[in-house]
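Some notes on the structure that comes next.
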Amino acid sequence: MSGAFPPSFNAGFIKLNIMNIWNEDYATGVPAIDQQHRLLIDRINELEALLMNTCPTEREINFAHRLVVFLESYAQMHFYFEETCMESYRCPAHACNQRDHAQFIAFIEAFKTKFHAEGFSVEAFKELHERVSSWIARHILRVDTQLLTCVQVTRPA
């Protein structure tokens, strides 16, 4: 499955074996963005819990299906809002943020296409979990958090 994703999306990929826990290190200074990040982390943690089961139930598989829809709509709505905030606060990470978002969207689209063609597999969703968990740690902690300083010293234009 990894061949379907843009090579730049895999850059800096690390495998996480523990659940993501939101803490103040993830804070952006924009409560709505922080709440949306918490929601993403919660959903990925739910997926991790599901994947610990070697024989997922129909209910758990349905959750996995809904997760793909969630990730797609999350990317559209959250990324638009976050990019607007970064632009408004003149955050220097704005361009990097947009590039990362485009890579994430390409990843989710490739996953969705493969998922619709091949259906549910524990292996595919383990890879989804690992890549999104890694992206959360890398992107939120290194890019999104740059907004915090901008929010603290600047008012929106």
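Against the condition at pLDDT 85 or above, out of contact with any strand residue (DSSP E or B) (no Cβ under 6 Å at 6 or more places or on another chain), closer than 20 Å to ALA137 by Cβ and not in a loop (DSSP other than H, G, I, E, B), how does ASN45 come out, does it pass? Before you say what the answer is, go through the steps one by one.
Numbers: at pLDDT 85 or above: yes; out of contact with any strand residue (DSSP E or B) (no Cβ under 6 Å at 6 or more places or on another chain): yes; closer than 20 Å to ALA137 by Cβ: yes; not in a loop (DSSP other than H, G, I, E, B): yes.
In short, yes.
How many of the residues making up the stretch 84-123 are in contact with an Asp or Glu (Cβ under 8 Å, 6 or more places away or on another chain) and of a type in the set (S, T, N, Q)?
So the count comes out to 2.
Of everything in the stretch 73-110, what is among the hydroxyl-bearing types (Ser, Thr, Tyr), under 12 Å from the mean Cα position of the chain (by Cα) and closer than 14 Å to ILE33 by Cα? Give them in sequence order.
So the first thing to find is which residues in the stretch 73-110 are among the hydroxyl-bearing types (Ser, Thr, Tyr), and the list is 73-74, 80, 84, 88-89.
Narrowing further to those that are under 12 Å from the mean Cα position of the chain (by Cα): 73-74.
Within the stretch 73-110, just TYR74 meets the criteria.
Can you go through VAL143, VAL122, VAL69, VAL132 and tell me which one is touching a helix residue (DSSP H, G or I) at 6+ places or on another chain (Cβ under 9 Å), more than 21 Å from HIS37 (Cα to Cα) and not basic (Lys, Arg)?
VAL122
Just for the stretch 109-148: of the residues that are modelled with pLDDT of 95 or more and hydroxyl-bearing (Ser, Thr, Tyr), which one is nearest to PRO31 (Cα to Cα)?
THR145
If you take the residues of the stretch 14-52 that are of a type in the set (S, T, N, Q) and over 18 Å from SER133 (Cβ atoms), which of them is surrounded by the fewest Cβ atoms within 10 Å (Cβ to Cβ)?
Let us first name the residues in the stretch 14-52 that are of a type in the set (S, T, N, Q), namely 17, 20, 23, 28, 35-36, 45.
Then drop every residue that is not over 18 Å from SER133 (Cβ atoms), which leaves 28, 35.
Working: THR28: 24, GLN35: 10.
In this case the residue turns out to be GLN35.
The values are calculated or read from the model by the stated rules, or taken from the named source; none is laboratory data. Owing to the predicted nature of the structure, the values given are computational and were not obtained by experimental measurement. All Cβ positions, even for glycine, are placed from backbone atoms using ideal geometry, and neighbour counts span all protein chains on display.
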